[in-house]
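J.: Dropping the structure in here first, questions after.
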Amino acid sequence: MFVTGATGFVGSAVVADLLAAGHHVVGLARSDDAATALVAAGVEAHRGDLQDADSLRRGAEQADAVIHAAFDHDFSNMAASCETDRRAIEALGDGLAGSDKPLIVTSGLPVIPGRVVTEDDMPPADAHGMPRVSEQTALALVERGVRATVVRMPQVHDRTRQGFASYLLAHARKTGLSAYVGDGRNRWPAVHRLDAARLYGRVLESGGLGQCYHAVTEEGVPVREIAEAIGQRLLLPVVSLSTAASANHFGWLDRIAKMDVPAASALTRERVGWRPFEGASLLDHLRP
């Protein structure tokens with residue numbers, strides 16, 4: 001199993017599950033430290049990075065399956081990060097073309113205003129200004145003989161990290177208040193890190209060609225409740241901001257703070273038998 005992002009937040013948990021299932025795992029390593037960490041975990045290190053198309057292609061060619069869990073979350077230069085991701089997926093596809101071997105690609109959830117997103121929903125054509133095309137790039141590889149599937153991620157959390165909520169927490173610490181926009185009823189779906197990792201194994205075993213799966217255990221946590229949990233943790237006031245004031249307060253976080261993207265996972269549970277069992281919620285991991 002060739003895994004990109006093998007030392008990352010989700011990828012390291014995916015690797016642990018693959019090893020426990022008896023797989024031989026090869027992890028992409030962009031530094032000596034990453035290679036050392038992989039070897040210590042019982043993983044073969046494959047040197048390269050997301051911009052090294054030749055290395056990605058070779059890793060995919062030698063594998064029985066590929067899991068692409070890496071992504072450069074540089075929100076200050078998101079367009080460049082998304083372009084790097086697109087090219088990386090295409091390089092992995094080049095290595096797998098005509099093999100009918102599995103490629104599982106990680107993506108975000110599509111935003112469809114006014115309703116809960118399901119696994120059968122495709123991203124809107126305009127993507128609401130989002131340049132990430134991980135899903136579209138992966139599914140286009142089906143025509144090239146790649147058994148491509150997609151795992152869509154919400155806010156992934158444990159006690160150390162809580163997805164976008166971690167950015168809100170850091171911003172609250174910096175500004176001295178924990179804020180949300182309007183009534184704060186916009187929602188973020190969430191999943192425990194270990195439950196998210198287990199889904200990759202289920203998709204690897206039972207995933208359908210060209211299908212999308214949702215690593216979602218909480219359909220939508222209101223952002224007001226997230227802000228309140230942050231306020232409790234940091235002992236800071238919790239305030240509602242007007243839409244006009246939020247951009248000045250949040251800066252690049254403004255679009256995220258307003259995001260409403262509830263998502264279901266009933267079809268994922270039915271189709272691949274995913275059974276999450278981690279009990280702690282996103283708010284549990286945010287509160288003191």
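The values are calculated or read from the model by the stated rules, or taken from the named source; none is laboratory data. In this text, all values refer to a predicted model and were calculated from it rather than measured experimentally. Reconstructed Cβ throughout: ideal geometry from the backbone, glycine too, with neighbour counts over all protein chains shown. With ligands, DNA and RNA removed, areas are computed over all heavy atoms of the protein, side chains included. Shrake-Rupley method; radii C 1.70, N 1.55, O 1.52, S 1.80 Å.
J.: With no solvent and one equal point scatterer placed on each C-alpha of the chain, evaluate the Debye formula and give log10 I(q)/I(0) for q = 0.06, 0.16 Å⁻¹, two decimals.
T.: Each listed q maps to, in turn, -0.19, -1.29.
J.: Moving on to the next point. If I take every Cα pair under 8 Å that is 6 or more residues apart in the chain, average their sequence separation and divide by the length, what percent do I get for the relative contact order?
T.: 18
J.: Let me ask something additional. How large is Rg over Rh for the stretch 1-76, taking Rg from the Cα atoms and Rh as the Kirkwood inverse mean of 1/r across Cα pairs?
T.: Dividing the radius of gyration by the Kirkwood radius yields 0.94.
J.: Still on this model: Where Lys and Arg each count +1 and Asp and Glu each count -1, what net charge lies around residue 18 among other residues with Cβ under 13 Å from its Cβ?
T.: Surrounding charge for residue 18 is -2.
J.: Given the options 214, 196, 177, identify the residue whose Cα lies farthest towards the positive end of the charge dipole of the stretch 170-238 (+1 on Cβ of Lys, Arg; -1 on Cβ of Asp, Glu).
T.: Farthest along the dipole direction, towards plus: 177.
J.: So, one more: Compute the signed sum of charges (Lys and Arg +1, Asp and Glu -1) over the other residues within less than 15 Å, Cβ to Cβ, of residue 260.
T.: Computed value for this residue: 0.
J.: Leaving ligands, DNA and RNA out of it, report the carbon-plus-sulfur percent of the accessible area of the stretch 19-142 at a 1.4 Å probe.
T.: 49
J.: Using only the Cα atoms of the stretch 222-267, what semi-axes does the equivalent ellipsoid have when each is the square root of 5 times a gyration tensor eigenvalue? Give whole Å, largest first.
T.: 22, 17, 8
J.: Taking the Cα centre of the chain as origin, work out the dipole magnitude from +1 charges on Lys and Arg Cβ and -1 charges on Asp and Glu Cβ, in debye rounded to 20.
T.: The calculation lands at about 640 debye.
J.: Please report the antiparallel percentage of DSSP beta bridges with both residues in the chain, rounded to the nearest 5.
T.: Rounded to the nearest five, the antiparallel share is 10 percent.
J.: Further question: Are there any chymotrypsin sites (Phe, Trp or Tyr not before Pro) in the stretch 222-277 that are in a DSSP loop and have at most 12 other Cβ atoms within 10 Å? List them by number.
T.: 277
J.: Oh, and also: For the stretch 58-205, what is the accessible area per residue in Å², given a 1.4 Å probe and the full set of protein chains?
T.: Using a 1.4 Å probe on heavy atoms only, each residue of the stretch 58-205 averages 42 Å².
J.: Also, I was wondering about something else. Would you kindly calculate the translational diffusion coefficient of the stretch 165-272, applying Stokes-Einstein with the Kirkwood radius from alpha carbon pairs, for 10 °C and a viscosity of 1.306 mPa s, and quote it in µm² s⁻¹ without decimals?
T.: It diffuses with D of about 104 µm²/s by this estimate.
J.: Based on the Cα gyration tensor of the stretch 1-156, what are the three equivalent ellipsoid semi-axes, each the root of five times an eigenvalue, rounded to whole Å and given largest first?
T.: Whole-Å semi-axes of the equivalent ellipsoid: 25, 17, 15.
J.: So, one more: Using a 7 Å offset from the Cα along the Cα-to-Cβ direction at both residue 32 and residue 16, what is the distance between the two label points in nm, to one decimal?
T.: In this crude label model, residue 32 to residue 16 measures out at 2.8 nm.
J.: For the chain, what are the DSSP H helices with axial Cα length of 15 Å or more and mean Kyte-Doolittle hydropathy of at least -0.5?
T.: TM-like helix candidates: 78-96, 164-175, 193-206, 223-234.
J.: Write down the accessible area per residue of the stretch 219-288 in Å², having rolled a 1.4 Å probe over the full set of protein chains.
T.: Per-residue accessible area for the stretch 219-288 comes out at 49 Å².
J.: Please report the carbon-and-sulfur percent of the accessible area for the stretch 234-288; probe 1.4 Å, protein heavy atoms only, DNA, RNA and ligands left out.
T.: Carbon and sulfur atoms account for 56 percent of the accessible area of the stretch 234-288.
J.: Report the local net charge at residue 235: Lys and Arg +1, Asp and Glu -1, summed over other residues whose C-beta lies under 14 Å from its C-beta.
T.: Taking every Cβ under 14 Å from that of residue 235, the sum is +2.
J.: Can you give the Rg/Rh ratio of the stretch 102-215, where Rg is from the C-alpha atoms and Rh is the Kirkwood radius?
T.: On the Cα set of the stretch 102-215, Rg over Rh gives 1.02.
J.: Quick check: residue separation of residue 142 and residue 173 times 0.36 nm, minus the Cα distance between them. What number comes out in nm?
T.: So the chain would gain 6.6 nm between residue 142 and residue 173.
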